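The values are calculated or read from the model by the stated rules, or taken from the named source; none is laboratory data. Note that the structure is a prediction, hence the values are computed from the model and not measured. With ideal geometry, Cβ positions are generated from the backbone for all residues, glycine too; neighbour counts draw on all protein chains shown.
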Amino acid sequence: MKEFTKHILVTGGAGFIGSHVVRRLLINYPDYRVINFDRLTYAGNLQNLKDVDTAPNYVFVKGDITSQQDVNKVFSDYGITDVIHLAAESHVDRSISGPMDFVLANVVGTVQLLNVAREYWGDFQNNVFYHISTDEVYGSLGDQGLFEETTAYDPRSPYSASKASSDHFVRAYHHTYGLPIRISNCSNNYGSHQFPEKLIPLIINNIVQQKELPVYGDGKNIRDWLWVEDHAHAIDVIFHTGKNGETYNIGGLNEWTNIDLVRRLCTILDDKLNRPSGMNEQLIRFVTDRAGHDRRYAIDASKLTQELGWSPSIRFEEGLEKTVDWYLANTDWVKHITSGDYTKYYEQQYALRKS
């Protein structure tokens, strides 16, 4: 059997960001064994990794981060040396209607991982526990300024409160027990394989089906958008060269109002679907604003750029075109993942390919 130099547990590796991280690690580091640990909830899909899941350094383990038994077993079965922790409930609307799911997954699940890692690693020789978080922990910005790593936490939704809590637990385990950690807080991700409840894939899918395009409030809430492959690259850089105990903000340097983004997608898809100019914009409907909707997020990623040399690789307009093209070329993926009938099928397909 091949000797691997690292055995990296990627939690939530079948999800949107997680699948891009797993793919990057498998391709760039053949001497690492990558263990994808995912519960396969509605947003986790093994089809996201179909192109690489027969790699000799890839393992999928179905498990729940809130289960001590599941986490203990994967650590002992695969000799886990490092954790890249992405598994989380992440949709703000869902957190408003069901906050306890977010407390369990994001807080209890993170603490469960921390406990097992601390016990299993012992003296922390060459281990890393890397926790991926969100800019939403910082709250809402005014018209000026950027979130920095030193910005005080001010979470405004159950989702962001749960992520803020998990960030604090990770830091506490570093300061209390000496656990070697990294934390990063990122802006809104976009790109291929994102579950279609999030803004960009939702709007693309609705335009394709000629459904209404819901826009919260006046549509002038501002978000910074980060290409998911750039995020995976940043995670790679922070994991390998980031400093122990440090936090790094990851931003795309792309601030857009929601309404401008939706209109841009309408224009792109007018062209790609051969529809009359302005046809898709007629589908826009302003709806009652989300409770506690933060007005503006924007990330200062200068620490990551100056200390570790990372910067975004793609302009937002180009990334948006690539994202639209991917969803138009993968309508079956969208159909399966929104129908809820895909989980067992893709588990079976993965098992067959690995047998």
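Does ILE27 count as free of Cβ contacts under 8 Å to residues at least 60 places away in the same chain, among the aliphatic types (A, V, I, L, M), over 23 Å from LYS335 (Cβ atoms) and out of contact with any strand residue (DSSP E or B) (no Cβ under 7 Å at 6 or more places or on another chain)? Yes, satisfied. Among the residues of the stretch 235-262, those that are among the β-branched types (Val, Ile, Thr) and assigned to a helix (DSSP H, G or I) comprise ILE235, VAL237, ILE238, THR241, ILE259, VAL262.
Which residues, counting only those in the stretch 186-225, are in contact with a Leu (Cβ under 6 Å, 6 or more places away or on another chain), assigned to a loop (DSSP other than H, G, I, E, B) and farther than 30 Å from THR247 by Cβ? Those that are in contact with a Leu (Cβ under 6 Å, 6 or more places away or on another chain), assigned to a loop (DSSP other than H, G, I, E, B) and farther than 30 Å from THR247 by Cβ: PRO196, GLU212. Check the stretch 197-211 and report whether any residue there is closer than 30 Å to HIS7 by Cβ, surrounded by fewer than 21 Cβ atoms within 10 Å (Cβ to Cβ) and in contact (Cβ under 8 Å) with a residue 12 or more places away in the chain. Scanning the stretch 197-211 turns up no residue that is closer than 30 Å to HIS7 by Cβ, surrounded by fewer than 21 Cβ atoms within 10 Å (Cβ to Cβ) and in contact (Cβ under 8 Å) with a residue 12 or more places away in the chain. In the set (1) over 19 Å from the mean Cα position of the chain (by Cα); (2) surrounded by fewer than 19 Cβ atoms within 10 Å (Cβ to Cβ), the condition left unmet by LEU253 is number (1).
Just to be sure, is GLN125 of a type outside the set (Ser, Thr, Tyr), closer than 26 Å to ILE8 by Cβ, assigned to a loop (DSSP other than H, G, I, E, B) and at pLDDT below 95? Yes. LEU113 meets the conditions (1) modelled with pLDDT under 95; (2) of a type outside the set (Ser, Thr, Tyr); (3) crowded, with 24+ Cβ neighbours inside 10 Å in every case but one. The failed one is (1).
Using the structure shown, decide if GLU119 is of a type in the set (Asp, Glu), under 13 Å from ASN185 (Cβ atoms) and part of a helix (DSSP H, G or I). Against the criterion (of a type in the set (Asp, Glu), under 13 Å from ASN185 (Cβ atoms) and part of a helix (DSSP H, G or I)), GLU119 does not qualify.
The residues on offer are ARG156, ARG94, and the sole one that is part of a helix (DSSP H, G or I), at pLDDT below 95 and within 30 Å of VAL287 (Cβ to Cβ) is ARG94.
Within the stretch 50-91, the set of residues being polar (S, T, N, Q), surrounded by fewer than 22 Cβ atoms within 10 Å (Cβ to Cβ) and not in a helix (DSSP H, G or I) comprises THR54, ASN57, THR66, SER67, THR81.
Counting only helices (runs of 4 or more DSSP H) that fall entirely inside the stretch 289-355 and contain at least 3 residues that are more than 25 Å from GLN144 (Cα to Cα) and at pLDDT below 90, the qualifying elements are 331-339, 343-354.
Of these, VAL59, VAL34, VAL10, VAL21, which one is farther than 22 Å from HIS233 by Cβ and aliphatic (A, V, I, L, M)? Only one candidate passes the filter, namely VAL59. When THR150 is tested against (1) β-branched (Val, Ile, Thr); (2) buried (at least 19 other Cβ atoms within 10 Å of the Cβ); (3) not in a helix (DSSP H, G or I), just one condition goes unmet, and that condition is (2). In the stretch 136-152, the residues that are free of Cβ contacts under 8 Å to residues at least 60 places away in the same chain form Cβ pairs under 6 Å with partners that are small (Gly, Ala, Ser), at six or more places apart or across chains, as follows: VAL137/SER160; VAL137/ALA164.
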